[in-house]
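Peer 1: Please read through the structure below; I'll follow up with questions.
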C-alpha cells in the first residue's frame, strides 16, 4: 500500500468515526437521554472530521486545543471553510469541556439539539471537501 493509499484509508476511517458519533448523538437525543452525552458525541463528530482533514497536513498535536487552533488557522483563516464552522467547533469544544468536567452543569436539550445540528453540517462540509479533492 502506498503512502497516499494509507492516508486515504486513515481519512476514511476518521470520517466513519465522525459519522458514527453523529449517529450516536442522534440516537441519544431521540431517546431523550442526557444532553451532556449528546453534546459530547456531537463535539467528537466534529473533532474526528477535523482529524480526517489533518491526515493530509504536516501537523500533529496531542491536545484538542492544538488541533482546533490549527484548523482555524489553516482552514478558516485560509478560506477553505466558512467562518461559521470555526465558531461552531469552538463553541462545541467549550460546551463539551464545561459539561464534561465542571460539576453540576446541566445543559439544556435545546443546546444539545443546536450543537448536534451544527455538528451535522460541519461533518457534511468536511466530507464534501475531502470527497471533492478525491481524498476519501
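Peer 1: Is it possible to state the helix-based mean residue ellipticity at 222 nm for the chain, with each DSSP H run of 4+ residues giving -39500 (n - 2.57), the sum divided by total residues, to the nearest 500 deg cm²/dmol? What is it?
Peer 2: -25000 deg cm²/dmol
Peer 1: Between region 60-115 and region 1-53, what is the C-alpha centre distance in whole Å?
Peer 2: 14
Peer 1: Just the ratio, please: alpha-carbon radius of gyration of the chain over 2.2 N^0.38 Å, N its number of residues.
Peer 2: On the way: Rg = 14.9 Å, N = 136, 2.2 N^0.38 = 14.2 Å.
The value comes to 1.04.
Peer 1: If you wrap a convex hull around the alpha carbons of region 1-77, what volume per residue comes out, as a whole number of Å³?
Peer 2: Details: hull volume 7.1 nm³, N = 77.
Expressed per residue, the convex hull around the Cα atoms of region 1-77 is 93 Å³.
Where a number appears in this text, it was derived from the coordinates with a stated rule and is not lab data. Note that the coordinates shown come from a computational prediction; the quantities given were computed from them, not determined experimentally.
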